[in-house]
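First up is the structure itself, then whatever we jot down about it.
The values are calculated or read from the model by the stated rules, or taken from the named source; none is laboratory data. Here the structure is a predicted model, which means the values were calculated and not measured. Positions of Cβ are generated from backbone atoms using ideal geometry, with glycine treated the same way; all protein chains shown enter the neighbour counts. For the accessible areas, the whole protein counts, side chains as well, though only heavy atoms, and no ligand, DNA or RNA atoms are used. Shrake-Rupley method; radii C 1.70, N 1.55, O 1.52, S 1.80 Å.
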Amino acid sequence: MKLPNKATIIEVGPRDGLQNEKTMLDTAIKIDFIRQLKTAGFQEMELTSFVSPKWVPQMADAKEVIAACKDNLRNLVLAPNEKGLDRAFDAGSEDIAFFVGVSDTFNKKNINRSTRESLEQLLPLIEKTKDRDSFIRACFSTSFYCPYEGKISEDDVLSLCSEFVKAGADDLSVADTIGMASPSEVYSLFSRLKDAFPDVLLTAHFHDTRGMGLANVVAALQAGVDRFDSSAGGLGGCPFAPGASGNIATEDTVFMLHQMGIETGIDIENLLDALDIIEPHLHKKILSKQYVLHKAAIKNS
């Protein structure tokens, strides 16, 4: 099995993981959570989102979070539109993520625009961001399956990714939003993406809705991918993707990679300590394999 020696983990828990949390979290708790995560060794993290507080009230404190947590590492924030981008720049953010759904129907359900309309809106924002020499991440939801349209064509994914690469995206985060992709499908799509865009960072983003998340990580590794989004505690989901449970859990992903001899630079114990900070404030318990073992060890000590 041909595998990389190292892999980069992009921690998305503070943004993707918490944005749909039912319990409104105090800003101070989020800041403590992020700061503890940073002690685990993450070089790249999604910290927050500059979306409308009306639609995502959990992210209303984005400016305060950035002010408290920004450092010289890659601190990604989501900017859904020009207003959000301006707010991100005003807060001092320089690492920007833009999102689009490959599925037209999903995109319309999510932001009331077709994929083509989103592309036309985002391309000028990418140009504006490039003018600042900022890091640009393009995130593609429903890259394998859509809850409304079913199977997504690989050609459609490559075509949309190509538009963002031509516009200057530095990183392509390609997501199995509803956790339906199989390892063979993952290997096929990411092999094509690696061949098509050899000079752009390529990140795999998996949900564990049907229990295939870690198997898909291995398939992506075999396709040459060495960057993975994951969420501490497996937090997250998507309100516009019925049945989509959380992202793959960072602690389980890191443990598996380390057992495979693939270095990540992540300290699992410090990561688990971050979950100890956030779990008491969540509406449900964290059930990742490593965290359950961590809690049991504390109970039995």
**Message:** Could you tell me which residue out of Trp55, Ala88, Ile111 lies farthest along the dipole of the stretch 1-148 toward its positive end? Charges go on the beta carbon: Lys and Arg +1, Asp and Glu -1, centred on the Cα centre.
**Reply:** Ile111
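Just to be sure I understand: of the beta bridges DSSP finds with both ends in the chain, what percent are antiparallel, rounded to 5?
Bridges in the chain that DSSP calls antiparallel: roughly 10 percent.
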**Average accessible surface area per residue within the stretch 1-140, 1.4 Å rolling probe, Å²** = 45
**Prompt:** Applying 1/(1 + (r/R0)^6) with R0 = 25 Å to the Cβ-Cβ distance of Trp55 and Asp26, what FRET efficiency is obtained, to the nearest 0.05?
**Reply:** 0.75
**Two-site label geometry, Leu287 and Glu127: point separation in nm, points 7 Å out along Cα→Cβ** = 4.9
**Fill in**
Under 5 Å from the placed amide H of Ser49, counting only residues 5+ away or on other chains, we find Leu78
**Request:** Keeping all protein chains in place, calculate the accessible area per residue for the stretch 253-301 (probe 1.4 angstrom), answer in Å².
**Result:** 59
**Message:** Please give the charge dipole size of the stretch 170-301, origin at the Cα centre, charges +1 on K and R Cβ atoms and -1 on D and E Cβ atoms. Round to the nearest 20 debye.
**Reply:** 560
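In the stretch 105-144, which trypsin sites (Lys or Arg not before Pro) fall in coil by DSSP and have 14 or fewer other Cβ atoms within 10 Å? Intermediate results must be reported in sequence, preceding the final value.
Numbers: sites: Lys108, Lys109, Arg113, Arg116, Lys128, Lys130, Arg132, Arg137; in loops: Arg113, Arg132.
Within the stretch 105-144, the qualifying trypsin sites (Lys or Arg not before Pro) (loop, at most 14 other Cβ atoms within 10 Å) are Arg132.
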**Message:** Given Cβ point charges of +1 (Lys, Arg) and -1 (Asp, Glu) and nothing else, what value in debye, to the nearest 20, does the dipole of the stretch 120-170 about its Cα centre take?
**Reply:** 200
**Item:** Per-residue HN-Hα couplings for the stretch 213-230 [Karplus 6.51, -1.76, 1.60; θ = phi - 60°; Hz; x = Gly/Pro]
**Value:** x, 6, 4, 6, 4, 4, 5, 5, 4, 5, 7, x, 7, 10, 10, 9, 7, 7
**Item:** Antiparallel DSSP beta bridges within the stretch 164-301, as percent of all bridges there, nearest 5
**Value:** 10
**Request:** Quick one: which residues, 5 or more positions from Leu202 or on another chain, have an amide H under 5 Å from its amide H? H modelled 1.01 Å from N in the peptide plane, none for Pro or chain starts.
**Result:** Leu172
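Tell me, in nm to one decimal, what length is gained between Thr105 and Glu117 on full extension, where the rule is 0.36 nm per residue of separation less the Cα-Cα distance?
Taking 0.36 nm per residue and subtracting the Cα distance, the gain is 3.1 nm.
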**Asked** Counting only the heavy atoms of the protein chains, how much of Met59 is accessible to a 1.4 Å probe, in Å² to the nearest 10?
**Response** 0
**Message:** For the stretch 1-82, which chymotrypsin sites (Phe, Trp or Tyr not before Pro) pass both filters: DSSP loop (anything but H, G, I, E, B) and at most 12 other C-beta atoms within 10 Å?
**Reply:** Trp55
**Asked** So how strong a dipole does the chain carry about its Cα centre when Lys and Arg Cβ are +1 and Asp and Glu Cβ are -1, to the nearest 20 debye?
**Response** 580
**Asked** Over the stretch 168-284, with a single point scatterer placed on each C-alpha, what log10 of the ratio I(q)/I(0) does the Debye formula yield at q = 0.12, 0.17, 0.22 1/Å?
**Response** -0.45, -0.87, -1.28
**Request:** Could you list the trypsin sites (Lys or Arg not before Pro) in the stretch 21-89 that lie in coil according to DSSP, counting only those with at most 10 other Cβ atoms within 10 Å of their Cβ?
**Result:** Lys22, Lys54
**Request:** Report the extension gain between His258 and Ala68 in nm, rounded to one decimal, defined as 0.36 nm multiplied by the number of residues separating them, less their alpha carbon distance.
**Result:** 65.3 nm
**Request:** Could you check how much of the accessible area of the stretch 116-243 is carbon and sulfur, as a whole percent, using a 1.4 Å probe?
**Result:** 48
